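Each remark here refers to the structure printed beneath this line.
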Amino acid sequence: MTSTQQRAALQRQIWAIANDVRGAVDGWDFKQYVLGTLFYRFISENFASYIEADDDSVNYAALPDSVITPEIKDDAIKTKGYFIYPSQLFANIAKGANDNESLNTDLAKIFGAIEASANGYPSEQDIKGLFADFDTTSNRLGNTVKDKNERLAKVLKRVAELDFGDFHGSQIDLFGDAYEFLISNYAANAGKSGGEFFTPQHVSKLIAQLAMHKQTSVNKIYDPACGSGSLLLQAKKHFDAHVIEEGFFGQEINHTTYNLARMNMFLHNINYDKFNIQLGNTLIDPHFGDDKPFDAIVSNPPYSINWIGSDDPTLINDERFAPAGVLAPKSKADFAFVLHALSYLSSRGRAAIVCFPGIFYRGGAEQKIRKYLVDNNYVETVISLAPNLFYGTTIAVNILVLSKHKTDTLTQFIDASELFKKETNNNTLTDKHVETIMQAFDSKANIDHFAQSVPFEKVAENDYNLSVSSYVEAKDTREVIDITQLNAELKTTVARIDQLRADIDAIVAEIEA
């Protein structure tokens, strides 16, 4: 079986398990248990593999907890960020799950112990609360302790059956792929809320390539509204790990999604010292001010949400917003995210941000912010995408690419609205579509009905309108009609009708005679 076939088979199996074990519980409500169990298995096997250090004579799961010395534990936590005793490993808990009458409380104690193991260590904030959403006492699992234990045992057993192969072979990639697959499926089935925590991989791929374009190395990559971390992880998937020197940074406002993002980092084998995901409202409580600037920024922030804006008079003096001289409207925070990203961007980097199209043509404060961006030559490219590419919305969104190192004053506009593959529920971008967009982005060449690089003066004369349709002429798909040929055909048709009428009149006259 090829790796592609193995991955496809695993994905079919894991989604079938996810649907089977939840019973009558809504899949969205139950996702934390499936995702959390997969994560528990991964960190258990990852940790055991670290302790065994490729020594076939060592089987960590079979060792008694008593052989663990303080020195072993201390060293492991400094390296891995957490500690798991042999008795706490997923394999050992899953093995006796069916007969464990205190399974739910045992799991709660184990998860608490794993998190507590990092207390006082540099990894404390990266591990703290990872299992907070895995509530083993929730009525979603059942009304009685017995019901809860039966449901938990079923999840553990089914996840234990998944074949990830050899840990040092393909297992790490398969664990990460399985987790991303589950998240994407939950997002696809979650309606509007799905788009709030997951950006489809085919779009993430494009955004990551735009942000990383022609950078042989970046100091670090940042997403100010990171959701489950899918955008950040695309940068890892498509570029050598050493290109991103100092790691992955993100902030997320939703607590559950924040935990998903941290788990996602671990499951893609990014160690605690190579990522920093923080919880909070990026616009009013931003983190990483001491870590900026960032060479690569990727983001799919929420579209046109409310924010405090001018109700907080101190924000106009915030170094992120002050240069524009105006705040984003209180009912439309889109440009607040854009200005935040710009403030965190290095002089050599790029930011690629998914944006609601209305911000590119509306007047008022948004027009003033566009003027600031264009006058200071920060807008490299605006790309219009096809509709229905994202979960929870059918609108055709845009990607705004910001740069502080442009060598000319042109602004590029790309109309990629015709590039999509029709799927059952959503459209998708194929690798060929991404390649087509990236080639145009790279060359900055003018391509009829697809891409135009526009002088600063033309944008200014157009009231700083940044809508792609204002600069890229749409292809006329109407049928071209040859009037001369049409008239000739009509003349022939009329003559034929006249002849038929004459023939019919002759037949009628003959019958009446």
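List of remarks:
- Entry for Cα extents along the principal axes in Å (calculated from the structure that is shown) out of (i) 77, 59, 41; (ii) 114, 73, 44; (iii) 83, 67, 48: (ii)
- Whole-Å semi-axes of the stretch 240-306's equivalent ellipsoid (Cα gyration tensor): 21, 15, 11
- Think of the stretch 354-513 as a dipole: +1 on every Lys or Arg Cβ, -1 on every Asp or Glu Cβ, centred on the Cα centre; then among Tyr471, Thr492, Tyr378, Tyr378 lies furthest on the positive end.
- For the stretch 276-394, the carbon plus sulfur part of the accessible surface works out to 49%, probe radius 1.4 Å.
- Counting only DSSP beta bridges with both residues in the chain, the antiparallel share comes to about 50 percent.
- Prolate/oblate/rounded label for the stretch 355-468 (Cα gyration tensor, a/c 1.5): oblate
- Taking amide hydrogens as placed 1.01 Å from N in the peptide plane, the amide H of Ile277 sits under 5 Å from those of Gly250, each at least 5 positions away in sequence or on another chain.
- Surrounding net charge for Lys444, when Lys and Arg each add one and Asp and Glu each subtract one, Cβ distance under 12 Å: -2
- Projected-area mean, the stretch 301-371, by convex hull of Cα positions, square nanometres: 4.7 nm²
- Taking the C-alpha atoms only, the angle from helix 3-22 to the longest principal axis of the chain is near 70 degrees.
- For the chain, the solvent-accessible area with a 1.4 angstrom probe is 46 square angstrom per residue.
- Charges were assigned to the Cβ only: +1 to each Lys and Arg, -1 to each Asp and Glu. The resulting dipole of the chain about its Cα centre is roughly 500 debye.
- Among Tyr361, Asn271, Ala336 - extreme Cα towards positive end, dipole of the stretch 262-418, charges at beta-carbon: Tyr361
- Heavy-atom accessible surface of the stretch 68-115: percent carbon and sulfur, 1.4 Å: 52 percent
- Whole-Hz couplings from phi, Karplus 6.51/-1.76/1.60, listed for the stretch 375-381; x for Gly and Pro: 4, 8, 6, 8, 8, 8, 8
The values are calculated or read from the model by the stated rules, or taken from the named source; none is laboratory data. Predicted model, so just to flag it, every value in this text is computed and none were measured. All Cβ positions, glycine included, derive from the backbone under ideal geometry; neighbour counts span all protein chains shown. Ligands, DNA and RNA are stripped out before the accessible areas are found, and what is left, the full protein with its side chains, is counted by its heavy atoms. Shrake-Rupley method; radii C 1.70, N 1.55, O 1.52, S 1.80 Å.
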